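Here the structure is laid out as structure tokens; the discussion comes afterwards.
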Amino acid sequence: MQYPELITLDDYERPAGPTVNQLEDWFQSVRKKFVDRDSEVTVTDDQLSKASIESIRSFTTEPDCAFVFQALDQAYTQWMDTGSLDDPLRLLVFPPCERSNRVAKWAERNHIEVLDAPDRSELLSMDMPEVVIPIGDGPLVIPNLEKWFIRHRRGLRHIRALLSALQNSSRLCLVSCSSWSWIYLKKSVNADLVLPAPQSLAPLDAEFLGNWLLDLLSDDSDQPVVFRDYKDGKKILIREKDGTMSDNFLQQLADDSSGIPWIAWQLWRRSLRTEAKIEDEDEDEKADKPKDSKDSKDSKDSKDSKDSKDSKDSKDSKDSKDSEQQSRPDDKETVFWVVRSRQPTLPREHERAACLLLQALLIHGSLPEKMLSAILPSIGESNLIVAMIRSGFVERHNDEVRCMAAAYPTIWTSLENSGMTMAPF
């Protein structure tokens, strides 16, 4: 599976969602209501479970995304080996909600020196910082520029000192930051005048997403794995006869995630359910309960009518059974039902404050609550953070607050609708 090469940030385009044919959708809805109603395979919410999903590693552990490391190798290994000091800098703008620090991991794999950010407790210090680029002949990687500043009147000193040091350094250096941090740094400290035109990961399209998600399962299941729409039982995430994978589900997933692999993975895993095994206790009770004379009489009377009714209904139900059999799961396959996850909603009457909080978290990646209060004084006095955690927008991790990747599609839409300056992805 070959990952596309890095692209310039200006060339980044969100994948398009599926084309909606409204007339066809209306026709299918009418057909399903009046014609296919009896043959429809439907799994209701109370029949679905997430319990067995949690036992499968590919659904619980965020993947490394090996193709990302391959893209970094293609883009920067040769440059670092043969690069000219007349062109010493590269800038990689990374998608948001990235938890695995992949740029630093890539540097460590390739034995490249990494310059870590200062402790965040130092960023609001009154002292003037001194940032020194380590002396050396080899290349240098500076990941996560978002950890070098705080959006505060005293919080930009370290990032300014770093940019100044980079201008005077003779080492080849790869710098990375999130897309939201880059938008802020361009305006606040004119970072685009020091750093070169940024590159970014190419967005994943539906075809690549489908192949990647299936590959994640290859080592986790001994049985054939099938994904079905919980509404009608139809298979999704399957290869067509020509080998392509471009169904509406994948196109919608690529669009919702902006083509960002770790966000797509979070959305995908949250949409999966298995069918709960529910014991039919009523049937067991009936089997153990002794029959009285009335039950025996009723049983005898109903037998003749049942035989007559079965004979009459047999012909009528044959076609619907044949149709149902086509989409009924095979006992020999592991079936995962795909549902449309419900997106969170902003706290009512606090939408503006919620958007300001989300924007601040995206710019910084994550922040301790005390620093959030310094950036947004009103946050500490309200109970907004608690409400946003309960709503599913943010989470606490290692004493810091950060946006949840699975909520990013809603976060993006909310910030865009509020009129805020938007990152490219």
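Every number in this text was worked out from the coordinates using simple rules, so none of it is lab data. Just so we're clear, the structure is a prediction, and the values are computed from it rather than from any experiment. Ideal geometry is used to build each Cβ from the backbone, glycine not excepted, and the neighbour counts take in all protein chains shown.
A few points about this structure:
- Under the Debye formula (equal points on every Cα, no solvent term), log10 I(q)/I(0) of region 351-417 at q = 0.17, 0.19 Å⁻¹: -0.51, -0.65
- The mean sequence separation of alpha-carbon pairs under 8 Å and at least six residues apart, normalised by the residue count of region 351-417, gives a relative contact order of 36 percent.
- Hydrodynamic radius by Kirkwood, which averages 1/r over all alpha carbon pairs of region 192-265, in angstrom: 14.1 Å
- Estimated distance in nm for a label pair at Lys241 and His350, the labels positioned 7 Å out from Cα along Cα-to-Cβ: 5.6 nm
- Region 343-425: GluC sites (Glu not before Pro) falling in loop per DSSP and having at most 10 other Cβ within 10 Å: Glu349
- The modelled label-to-label distance for the pair Gln70/Val339, using points 7 Å beyond Cα in the direction of Cβ, is 3.5 nm.
- At most 10 other Cβ within 10 Å, DSSP loop - trypsin sites (Lys or Arg not before Pro), region 133-171: Arg153
- Per-residue Karplus couplings for region 335-341, computed as 6.51 cos²θ - 1.76 cosθ + 1.60 with θ equal to phi - 60°, are listed in order as 10, 10, 8, 9, 10, 8, 5 Hz, Gly and Pro entered as x.
- Those residues of region 137-168 whose amide nitrogen sits under 15 Å from the label point placed on Ser125, 7 Å along Cα→Cβ: 148-150, 154-162
- Using only side-chain charges placed at the Cβ, +1 for Lys and Arg and -1 for Asp and Glu, the dipole size of region 88-195 relative to its Cα centre rounds to 440 debye.
- Note on region 88-195: Cα-Cα pairs beyond 16 Å make up 57% of the total pair count.
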